[in-house]
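Note sheet for the following structure.
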Ligand code: GYE
């Protein structure tokens, strides 16, 4: 063996030792990391990011309150942001939660489409996402662990069923009737509750030829816009309108003001059915100005954080958690009002 080959062998052996030691080191680091993350985290150590849509309605205010107060109750570090109805703000918030390395991300998507890229980023970062309240229309359902909230199509059906079953009894006795003319105030364009409440209602109404939807427009789920659009409906249709179907109570409450200012009696001249069952709707029913509200519960905080706790402890949760809800006609309003918590 000459000097040159001897040096080469030495070099090879040394390299092998270094590679072996490096691999051992990596193994050690890897094992350490694994055993740490396997341990269930203490709840007080976890961080949750929640991207809320905004504050468009009494429903939304109660929903935010439910999330924030439940986090406090459980001493969970919650990063909460309000997107002011803008999808781009929600995407920014979710990206910042990913950058901060939160344990779980929760969000209520303002519209159904356009979430694929940011949800994939969360998945790649290994952060589970919980959809609350509204759904997204992505095909890849592995992008979120669960969707909790109401069945909005069913809510639309319930509003329609109440109307077809009760219109005869609640209408003004002297109302001439060729067919019953309905105007509709839709929620936020492109949102799951607006799309689903639109189609659920039609599923029922379309089977009853005596009912016709003569006008439909978005009132953006707000009281102010509901009033403004109802004013426009009244301007063009006047006393022709028999029924108002509003996708939420806030728009119905705005419309009630418009109807009164127009000189008609809400709940009598125009039969009104809406969705959410917030306190304001019960107050309007007690005054005889609203005829029926279909319940949609915003109190998702406890079930959201139950799911968060299960996830960080490695337990599995169902892919869909549906909220149980009721329908409240005017007759029960006085009795039920004191028990309403939102
Ligand atoms: O009905 C409406 C709110 O997504 C279910 O959003 C929610 C809807 C609710 O602004 O009042």
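Throughout, read-outs are computed from the coordinates displayed, never taken from laboratory work. This one's a predicted model, so the numbers in the text were calculated from it and none came from an experiment. No Cβ is skipped: glycine too gets one built from the backbone with ideal geometry, and neighbour counts run over all protein chains shown.
Some notes on this structure:
- Here the Gaussian network model covers the chain, with springs between Cα atoms less than 10 Å apart; of 287, 228, 45, 45 fluctuates the most.
- In terms of its Cα atoms, the range 272-320 spans 51, 16, 8 Å along the principal axes, sorted from long to short.
- Gain on full stretching of the segment that runs from residue 342 to residue 173 - 0.36 nm per residue minus C-alpha separation: 57.4 nm
- On Cα atoms only, tilt of 301-312 relative to the major axis of the chain in degrees: 20
- The chain - Rg over Rh from alpha carbon coordinates, Kirkwood radius: 1.21
- Acute angle (nearest 10 degrees) that the helix 3-38 long axis makes with the longest principal axis of the chain, alpha-carbon atoms: 30
- Rounded to 10°, Cα long-axis angle of helix 152-170 versus longest principal axis of the chain: 10
- Extension reserve of the residue 73-residue 61 stretch, reckoned as 0.36 nm per residue once the Cα distance is removed: 2.5 nm
- By the compact-protein rule of thumb, 2.2 N^0.38 Å, the alpha-carbon radius of gyration of the range 68-119 corresponds to a ratio of 1.20.
- The range 71-136 versus the range 267-281: alpha-carbon centroid distance in Å: 33
- Convex hull per residue volume in Å³, alpha carbons only, for the range 226-326: 109
- Computed FRET value (nearest 0.05) for residue 332 with residue 212, which takes r as the C-beta separation and R₀ as 35 Å: 0.75
- Mean residue ellipticity at 222 nm, helices only, the chain: -15000 deg cm²/dmol; runs of at least 4 DSSP H residues each add -39,500 (n - 2.57), and the sum is divided by the number of residues.
- For the range 214-256, a/c is not less than 1.5, where a ≥ b ≥ c are the root eigenvalues of the C-alpha gyration tensor, and a/b tops b/c. That puts it in the prolate class.
- Rounded, prolate or oblate (a/c below 1.5 giving rounded, otherwise prolate when a/b exceeds b/c) for the range 152-296 by Cα gyration tensor: rounded
- Global geometry of the range 46-161, whether rounded, prolate or oblate, following the gyration tensor of its Cα atoms and the 1.5 cut on a/c: oblate
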